[in-house]
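The values are calculated or read from the model by the stated rules, or taken from the named source; none is laboratory data. Everything numeric in this text was worked out from a predicted model, so none of it was measured. Here Cβ is always computed from backbone atoms with ideal geometry, including for glycine, and neighbour counts include all displayed protein chains.
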2 protein chains.
Amino acid sequence: MTPTRIGLRAALLTLALAAAVPARAADDGEVKDFLLDNGMEVVVIPDHRAPIVTHMVWYKIGSADEPPGKSGIAHFFEHLMFKATTNHAAGEFDRAVSEIGGSNNAFTSYDYTAFHETVPPSALEQMMGFEADRMRNLILTDDVIKTERDVILEERRSRIDSNPQAVLDEEVDATLWQNQPYRIPVIGWMQEMEQLNRPDATAFYDNYYRPNNAVLVVAGDVDSDAVKAMAERTYGKVARGPDLRPRIRPVEPEQNTKRTVTLTDARVSVPSFSTQWVVPSYHTAKPGEAEALDLLAEILGGGNRSRLYQGLVVKQGIASDAAAYFQGTMLDATNFTVYGAPRGDARLSDVEAAVDAEIARIVKDGVSDDELERAKTRYVRSMIFARDKQDDMANMYGSTLATGGNVKDVEEWPDRIRKVTADEVKAVAARYLALDRSTTGYLLPQQQAGN
Amino acid sequence: MTPTRIGLRAALLTLALAAAVPARAADDGEVKDFLLDNGMEVVVIPDHRAPIVTHMVWYKIGSADEPPGKSGIAHFFEHLMFKATTNHAAGEFDRAVSEIGGSNNAFTSYDYTAFHETVPPSALEQMMGFEADRMRNLILTDDVIKTERDVILEERRSRIDSNPQAVLDEEVDATLWQNQPYRIPVIGWMQEMEQLNRPDATAFYDNYYRPNNAVLVVAGDVDSDAVKAMAERTYGKVARGPDLRPRIRPVEPEQNTKRTVTLTDARVSVPSFSTQWVVPSYHTAKPGEAEALDLLAEILGGGNRSRLYQGLVVKQGIASDAAAYFQGTMLDATNFTVYGAPRGDARLSDVEAAVDAEIARIVKDGVSDDELERAKTRYVRSMIFARDKQDDMANMYGSTLATGGNVKDVEEWPDRIRKVTADEVKAVAARYLALDRSTTGYLLPQQQAGN
């Protein structure tokens, strides 16, 4: 859960980006939400501006749900979902998407695993057919397991082990989270990935790949009644699985210490640091706190209008970058992160001190009504931009529904953001961003080890 | 797994020290080891010098075996074992021990939970009867659970939460161990202890409190045939439980970073630090490595003849204390720890630098044959001293058998220690004690936060 700077954090993207389909502006059609008889939830987001539909299936299973010692099985299973089923050879689904000029992909995160295709509406039912098929009909042989396990091991070597930032991030996460499973990397620990086997995969499939553990999100040029009829003809035929236990996971004890994690590596050219705190997510927060944390991140370090960017990069000129993040859409408690890297001859310790000073200033003096209003405007506008991109919109509903929220939570979110007061922003900063109860990662070049 | 300076590390001692019975010197009688029909292992260590017997039951269940989110259940269960059974009221067992002038106690660690009594030999079968009874016949009511849960919560408040060293140690452990369950405190995390309930306790009892998951150790003025007959009459009547799965737990990934954990607290008067590394235990090490680590700890920091003590306390006079520990008797990978505290006006950072320098010196130049011989002599003598104390002897066999070893491992241990070479000591220091891949805890007084 350390920042990856780009894209959906911590999600591992996989396979088959067949052809990029540019998204267009969406309309304001009413979102429909219903259940199939087998317990599968369906959300339809109308968007009639272009003959395109985004079809996503979200399973409420992520790496934080993995059994002890089986880290990586959720992501591994995402890979296995692209293998042969009793009805389709491996690769057939991908080829079908390619041939109609669509795109498809999948990702795994701490709390969910999602599969999606963007295609012309005429192909929607075909997509549903393929997805419904692989929900239950995968052929999991030892051969398939062995081959694909080699793929994820190589993925780990190339994405993590050969990347000092990624190596550091893993150990920072595991230092920040001492009990909650977000400490375990989504891709898994190498020594456990190597042992994943067919019984593990079969048990995982049978437990979690069930309609009553899935959310279907369809956004695009479709009619909700038609989607419902198609979903019933395809997904509706999949038998409901056993009821799943509530996702109650170990939670984090209160942190009493200041922790640091330092990686010194010859491959690093510019030093950097990031400091993280455990904070509530939208799912665990008291009313208004997560919204205040979102605005705090925006004001402190959300883009180039933020205090950190304006202060450290523009005015003082000591940082090449400085930012703050809040990862609110999580099932359990989440993290708030600040980040900085020096520019030119500036020292990393100066950048860190300047970031700390900006935090201390908010804790002490709060934020002005004016900058709060501007942050709200920027923030709510980002929601409108998201509405404007079909797949962002589908992601917003899917990730919310897969982490304990509902359609109303998404729709009322701009109003809840607008209600946050300056005092509430100051209060969450004071409550959560204590420097003597934080976890900081340092990435240092070999020669600057003493910096 | 940070040092507690005294006693059996990480073990939580409980209840009922009725009357202290001084142990006497043991003879060299042959140790007998056998199984009862129900799978219970029995070890008899003859010691006829005094009319005393130590009776211990070791269950191969510790805090590292707890289900996720149920931390503290192993220790909680140790408490519950002192409650009423279908045959005896609560307190009856303790009173029986008291009345015959014996002593009894129990402790829980990461890998085992043990119950023991020291009594006249004539009371041995009575002790067996009580222990065999509570192995299966406890009455676990909601009332019992609630009352005893309050006791362990209070125990946590008084032992951990009101003790800055203990608070720090917990977070150091959880920072050192990022995947292996030794990161979880034996007493449990408060928020999980509060939720422990009757179904948790019953499941734990039914899974683990079984003769085929227990080792009986009897040391003292007894005859092994007589012990066997008594054990068959008491424990032998307890039905074997279902076979337990092998104790394969999540293991630690390789550490790539230097980690620190700092607690600054007004209650601290003298600052101190401890640095820890993950190293193999006797159960996980390649042949000879654990023995070499034992001797490395002895040479570097085992008592007042060690390099750390002689260098930092005696010669330089900068430290009030400096030591090294190796906790070898663990089922999984374990920790090697160095520790230091400044004296007078010396700075903590000077003490830490001096400790680091002593480690670097061993890594670079190794140890002399002469000091290795002296360390072996001291070390093997400590084994002879242990033989001399009945309960230490029983502990040595019990802890070894509960962590994957056997009677032969205990008996051949002095020979294996004698075979370690100076090169092997240097090799384990070089391999495991890298300062840029370590975890250091700092305990600082409020006013010296910047030290």
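Summary of values
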{"read-out": "Qualifying residue in region B:161-170 (condition: farther than 30 Å from B:GLU254 by Cβ and touching a Leu at 6+ places or on another chain (Cβ under 9 Å))", "value": "yes"}
{"read-out": "Residue list for region B:236-251, restricted to those being within 23 Å of the chain's Cα centre (by Cα) and not in a loop (DSSP other than H, G, I, E, B)", "value": "none"}
{"read-out": "Helices (runs of 4 or more DSSP H) fully within region B:333-451 counting 2 or more residues that are farther than 20 Å from B:ALA322 by Cβ", "value": "B:369-388, B:390-401, B:407-419, B:422-432"}
{"read-out": "Residue match in region B:85-99 (condition: in contact with an Asp or Glu (Cβ under 6 Å, 6 or more places away or on another chain), among the small types (Gly, Ala, Ser) and not in a helix (DSSP H, G or I))", "value": "no"}
{"read-out": "Which listed residue, of B:SER368, B:SER306, is more than 29 Å from B:GLN178 (Cα to Cα), buried (at least 22 other Cβ atoms within 10 Å of the Cβ) and either in contact with a strand residue (DSSP E or B) (Cβ under 7 Å, 6 or more places away or on another chain) or of a type outside the set (Lys, Arg) (or both)", "value": "B:SER306"}
{"read-out": "When residues of region A:71-116 are limited to those that are of a type in the set (Asp, Glu) and within 23 Å of A:PRO185 (Cα to Cα), the one surrounded by the most Cβ atoms within 10 Å (Cβ to Cβ)", "value": "A:ASP111"}
{"read-out": "Residue in region B:282-294 that is within 14 Å of B:TYR432 (Cα to Cα), assigned by TED's automatic domain parsing to the domain that holds B:ALA422, of a type in the set (A, V, I, L, M) and touching a helix residue (DSSP H, G or I) at 6+ places or on another chain (Cβ under 7 Å) present", "value": "yes"}
{"read-out": "Conditions (1) touching a Ser or Thr at 6+ places or on another chain (Cβ under 8 Å); (2) surrounded by fewer than 17 Cβ atoms within 10 Å (Cβ to Cβ): number failed by A:ALA290", "value": "(2)"}
{"read-out": "Residue within region A:207-226 that is assigned by TED's automatic domain parsing to the domain that holds A:ASP33, at pLDDT 95 or above and under 13 Å from A:LEU80 (Cβ atoms) present", "value": "yes"}
{"read-out": "Pairs with Cβ under 7 Å, 6+ apart, first in region B:67-94 and more than 14 Å from chain A (Cβ to nearest Cβ), second loosely packed, with under 15 Cβ neighbours inside 10 Å and polar (S, T, N, Q)", "value": "B:THR85/B:ASN137; B:THR86/B:ASN137; B:ASN87/B:ASN137"}
{"read-out": "Given (1) within 22 Å of B:SER399 (Cβ to Cβ); (2) free of Cβ contacts under 8 Å to residues at least 40 places away in the same chain; (3) not polar (S, T, N, Q), index of the condition B:ILE160 fails", "value": "(1)"}
{"read-out": "Filter result for the condition that a residue is among the small types (Gly, Ala, Ser), touching a strand residue (DSSP E or B) at 6+ places or on another chain (Cβ under 8 Å) and surrounded by 17 or more Cβ atoms within 10 Å (Cβ to Cβ), over B:ALA354, B:ALA375", "value": "B:ALA354"}
{"read-out": "Identity of the residue in region A:225-278, under 22 Å from A:TYR397 (Cα atoms) and touching a helix residue (DSSP H, G or I) at 6+ places or on another chain (Cβ under 7 Å), that ends up farthest from the other protein chains (Cβ to nearest Cβ)", "value": "A:MET230"}
{"read-out": "Condition met for A:VAL313 (closer than 30 Å to B:LYS258 by Cβ, assigned to a loop (DSSP other than H, G, I, E, B), of a type in the set (Val, Ile, Thr) and away from every other protein chain (no Cβ under 14 Å))", "value": "no"}
{"read-out": "Answer residue from region B:135-191, given it is aliphatic (A, V, I, L, M) and assigned to a loop (DSSP other than H, G, I, E, B) and is farthest from the other protein chains (Cβ to nearest Cβ) among those", "value": "B:ILE139"}
{"read-out": "Residues of region B:213-231 that turn out to be in contact with a His (Cβ under 7 Å, 6 or more places away or on another chain) and of a type outside the set (D, E, K, R), as a count", "value": "1"}
{"read-out": "Candidate set from region B:82-135 (those that are among the basic types (Lys, Arg) and in contact with a helix residue (DSSP H, G or I) (Cβ under 9 Å, 6 or more places away or on another chain)); member that is farthest from B:GLY405 (Cα to Cα)", "value": "B:LYS83"}
{"read-out": "Flag if B:SER281 is part of a loop (DSSP other than H, G, I, E, B) and not β-branched (Val, Ile, Thr)", "value": "yes"}
{"read-out": "Region B:58-77, residues that are more than 14 Å from B:MET193 (Cα to Cα) and either assigned to a helix (DSSP H, G or I) or at pLDDT below 95 (or both)", "value": "B:ALA64, B:ASP65"}
{"read-out": "Pairs where the first residue, in region B:418-435, is closer than 24 Å to B:GLN255 by Cα and the second is among the basic types (Lys, Arg) and surrounded by fewer than 20 Cβ atoms within 10 Å (Cβ to Cβ), C-beta under 9 Å, 6+ apart", "value": "B:LYS426/B:LYS364; B:ALA430/B:LYS364"}
{"read-out": "Hey, A:GLY288 more than 14 Å from chain B (Cβ to nearest Cβ) and under 18 Å from A:ILE359 (Cα atoms) or not", "value": "no"}
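Residues checked against (1) within 16 Å of B:GLU78 (Cβ to Cβ); (2) in contact with a strand residue (DSSP E or B) (Cβ under 9 Å, 6 or more places away or on another chain); (3) surrounded by 14 or more Cβ atoms within 10 Å (Cβ to Cβ):
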site: B:GLY129; (1), (2), (3): no, no, yes
site: B:LEU140; (1), (2), (3): yes, no, yes
site: B:ARG157; (1), (2), (3): no, no, no
site: B:TRP177; (1), (2), (3): no, yes, yes
site: B:MET190; (1), (2), (3): no, no, yes
site: B:MET193; (1), (2), (3): yes, no, yes
site: B:TYR205; (1), (2), (3): yes, yes, yes
site: B:ALA214; (1), (2), (3): yes, yes, yes
